[in-house]
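To start, the structure itself, in structure tokens.
The values are calculated or read from the model by the stated rules, or taken from the named source; none is laboratory data. The shown structure was predicted, so the numbers you read here are calculated from the model rather than taken from an experiment. When we count neighbours, we look across all protein chains shown, and the Cβ atoms used for this are built from the backbone with ideal geometry, even at glycine. Calculation scope for accessible area: heavy atoms of the full protein, side chains included, ligands and nucleic acids excluded. Shrake-Rupley method; radii C 1.70, N 1.55, O 1.52, S 1.80 Å.
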Amino acid sequence: MKAHFTAARIHLPVAPRCNIQCRYCVRKIDKCEQKPGIAACIMDDEMALKRLEAEFKSSPSLKVVGIAGPGDPLENEATYRVLGRIKDSYPDLILCLSTNGLLLEDVAERLKDSGVRTVTVTINAVDPEVGSKIYDWVRYKGETLEGTKGAELLIKKQLRGVEELVKRGIVVRINTVLIPGVNEDQIPRIAEEASKRGASLMNIIPLIPQHGFKEHRRPTCKELEEARNAAEKYLPQFRLCRQCRADAAGIPGREKGGGAASEYFHG
Ligand code: SF4
């Protein structure tokens, strides 16, 4: 975890499309706003590689390259192309990505071949009933599922995906958005299920009220602390997340231009 605060990282926003709709997510292009799911622009492959080259020249401590959106990285072919090119040109950089996990099981081998070392999976529920309050729809193989059916498929694929990555030696971290009154009882259960499948770390993030949850309140610090304590029985907790943008760059906490920092955030 120490590398988070000593090594620079860059997020390349090459993945605009998403295959689910979380009720708390607004994806948009914005140069100033500091929230997850937000990027100043979507980069094509060449722009992303040029951006990386420039960052590499100006920041000798650059060690980590991540793809975190602004949509779901695994749903966008650009992710795989860009990862492959980075692996060939910068074999020493650590490649990471963050995802909602719907496609993880299907692409686990491809990620391993692309040299991905760490994947963050956002899991907000293990009960489909609760999941149906968080996800509007889930689209898989051309079919769009709503309600508990969509949530059930997503949860099943997320947990299988964690297992498949761990089998291949990829480090898996879990992000969970704490939504008061909706999923607090799920938090220790997510930690337990993820831990059983070999995940290494959990990052519980407070809800940012927007989109379908815009009238909802944020969790209090006490609620956040209680959730982390409950989950810690099963998985070590990351307690310093600042919910970075999809195009953050620099050493977390010391970015030029005020980019928010720290743990990859997708969901
Ligand atoms: Fe998709 Fe991530 Fe937004 Fe959820 S939070 S809708 S997974 S981009």
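Residues S89, S114, ordered by accessible area of protein heavy atoms at a 1.4 angstrom probe radius and largest first, appear as S89, S114. Treating r as the C-beta distance of E215 and F56 and R0 as 35 Å, the FRET efficiency rounds to 0.20. Per residue, the solvent-accessible area of the stretch 2-262 (1.4 Å probe, heavy atoms of protein chains only, all protein chains present) comes to 43 Å².
Rounded to the nearest percent, how much of the accessible area of the stretch 95-178 (1.4 Å probe, protein heavy atoms only) is carbon and sulfur?
44 percent
When only Cα pairs below 8 angstrom with a gap of at least 6 residues are kept, the stretch 2-262 shows a relative contact order of 23 percent. In plain terms, the chain from K233 to E129 could stretch by 35.0 nm, reckoned as 0.36 nm per residue minus the Cα-Cα distance.
Packing, as the average of other Cβ atoms within 10 Å across residues, places the peptides 46-58, 125-137, 94-106, 222-234 in the order 94-106, 125-137, 222-234, 46-58, highest first.
For the cross-link pairs K57/K87; K167/K214; K50/K196; K112/K196, the ones whose C-alpha atoms lie over 29 Å apart are K167/K214; K50/K196. One decimal place: the segment R110-T144 gains 9.8 nm when fully extended, by the rule 0.36 nm per residue minus the C-alpha distance.
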